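The structure that follows is given in the form of structure tokens.
The values are calculated or read from the model by the stated rules, or taken from the named source; none is laboratory data. These numbers were taken from a predicted model, which means no experiment stands behind them. Neighbour counts are summed over all protein chains in view; Cβ atoms, including those assigned to glycine, are modelled from backbone coordinates with ideal geometry. Quick note on the areas: whole protein, heavy atoms, side chains included, nothing else; ligands and nucleic acids left out. Shrake-Rupley method; radii C 1.70, N 1.55, O 1.52, S 1.80 Å.
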Amino acid sequence: MSRPRGDRQPGACPFTTRREQNHKTIVAIVDAFGYPSAEADLGMYRAQYGLPPCTTANGCFTKLNQKGNKNGRFPPENVGWAVETALDLDMASAMCPNCRIMLVEARTNSFKNLAAAEDTAAAKGAHVISNSYTGGDRANITPYAESYHHPGIAITAATGDDGYQGAAFPASSPYTTAVGGTALTKDANVARGWTETAWSGAGSGCSKFAAKPAWQKDKKCTMRMMADVSAVASPATAVAIYAPLNANQSGWTREGGTSVATPLVAGVYGNNGGAVNYGSDPYAHTDALYDVTSGSNGSCGNSKKKAYYCHAEVGYDGPTGLGTPNGNTAF
């Protein structure tokens, strides 16, 4: 079973990129269970931050069930997953305020249903699909792998919030962009105003089942390695979102985790809006990424050759991948 990622803790988070006027690009969010107040809650978030309205009426927001029906039966609400969905919608909005947003609600959090929702998002014209849930990297996940294989569509997937535990699906798919996490600390002595390290909770690892994509050439893992890139995820700098507080009320709360990072990167893909070749583009544009070179997400043994599995270093590493976005051009 898959589960949403995110930790409710206070804080504040800066994350900036160049915003394009991208009114036709569709960023799709795939999550499980229903969220009846999704459009209204999204409206509250966008109004608070001065973002243009994104509604069904103006054609910006679309909500579909996993069969692709916008007027049919939607699944019952699950508050935990609804919070996850709110986080995804808000972060995609923050990064690409002029993108159209499509929410596809899977009937349950089984990979059978999530995969069906993924295929629906692709069929309905998404340029990028964000997936903030994770499951085990195991052989019996293979029947669902093709649902995350859509040429020309950017598919972002969270690496998880449990630190170095090995690979996780769908981030372990060679057809996704696996998104790890970082921690930000204010620092007036650097030009950015912040220093960035690997977040201790970010997932990373070498898949036992998924083949390595041709563009990934790290030192030791012969199979698919995650992450590819990263963005801020630490709950210490959690982001404010407008989401269900319980089954009857929505309000402001704060969230962290790779569930923040994944839709942020999806929004950057949406801002760019250009051609996509699976997750290969960042590997060809490392100069447009901030290389994160310190921090760790756990212990990965005594081998120096495998130290990058769980320790940030110069160049590629597991917790942060190639680094974090510096504008849109790496995507």
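Tally the residues that are open to solvent by 40 Å² or more (accessible area, probe 1.4 Å), more than 19 Å from Thr120 (Cα to Cα) and not in a loop (DSSP other than H, G, I, E, B), restricting the search to the stretch 39-63.
5
While we're looking at this one, here's another question. Could you count how many residues in the stretch 89-118 are among the β-branched types (Val, Ile, Thr) and over 26 Å from Lys24 (Cβ atoms)?
Going through the stretch 89-118 one residue at a time, the tally reaches 1.
Given the condition over 20 Å from Glu118 (Cβ atoms) and open to solvent by less than 20 Å² (accessible area, probe 1.4 Å), answer yes or no: does some residue in the stretch 64-83 qualify?
yes
Since Gly273 meets every condition but one in (1) on the phi > 0 side of the Ramachandran plot; (2) buried (at least 24 other Cβ atoms within 10 Å of the Cβ), which condition does it not meet?
(2)
Out of all the residues in the stretch 172-203, which are among the polar types (S, T, N, Q) and either open to solvent by 20 Å² or more (accessible area, probe 1.4 Å) or touching a helix residue (DSSP H, G or I) at 6+ places or on another chain (Cβ under 6 Å) (or both)?
Taking the stretch 172-203 first, the residues among the polar types (S, T, N, Q) are 172-173, 176-177, 182, 185, 189, 195, 197, 200.
Across the stretch 172-203, the qualifying residues are Ser173, Thr176, Thr185, Asn189, Thr195, Thr197, Ser200.
Ala157 - would you say it is closer than 18 Å to Tyr290 by Cβ and at pLDDT 95 or above?
Judged against the criteria, Ala157 is not a match.
Which of the residues belonging to the stretch 214-237 are over 19 Å from the mean Cα position of the chain (by Cα) and open to solvent by 10 Å² or more (accessible area, probe 1.4 Å)?
Within the stretch 214-237, Ala214, Trp215, Lys217, Asp218, Lys219, Lys220, Thr222, Met223 qualify.
Count, please, the residues in the stretch 150-205 that happen to be among the hydroxyl-bearing types (Ser, Thr, Tyr), in contact with a Gly (Cβ under 7 Å, 6 or more places away or on another chain), under 22 Å from Ile29 (Cβ atoms) and not in a loop (DSSP other than H, G, I, E, B).
1
Can you name every residue in the stretch 71-121 that is without any contact (Cβ under 8 Å) to a residue 40 or more places away in the chain and of a type in the set (A, V, I, L, M, F, W, C)?
Across the stretch 71-121, the qualifying residue is only Ala115.
All but one of (1) surrounded by fewer than 21 Cβ atoms within 10 Å (Cβ to Cβ); (2) within 20 Å of Asn131 (Cβ to Cβ); (3) without any contact (Cβ under 8 Å) to a residue 60 or more places away in the chain hold for Thr329, so report the exception by its number.
(2)
Which one of Ala92, Ala115 is more than 22 Å from Ala240 (Cβ to Cβ) and open to solvent by less than 10 Å² (accessible area, probe 1.4 Å)?
Working: Ala92 fails: more than 22 Å from Ala240 (Cβ to Cβ).
Residue meeting the stated conditions: Ala115.
Before we move on, is Thr142 in a loop (DSSP other than H, G, I, E, B), surrounded by fewer than 23 Cβ atoms within 10 Å (Cβ to Cβ), of a type in the set (Ser, Thr, Tyr) and on the phi < 0 side of the Ramachandran plot? Please lay out each step first, then the result.
Numbers: in a loop (DSSP other than H, G, I, E, B): no; surrounded by fewer than 23 Cβ atoms within 10 Å (Cβ to Cβ): yes; of a type in the set (Ser, Thr, Tyr): yes; on the phi < 0 side of the Ramachandran plot: yes.
The answer is no for Thr142.
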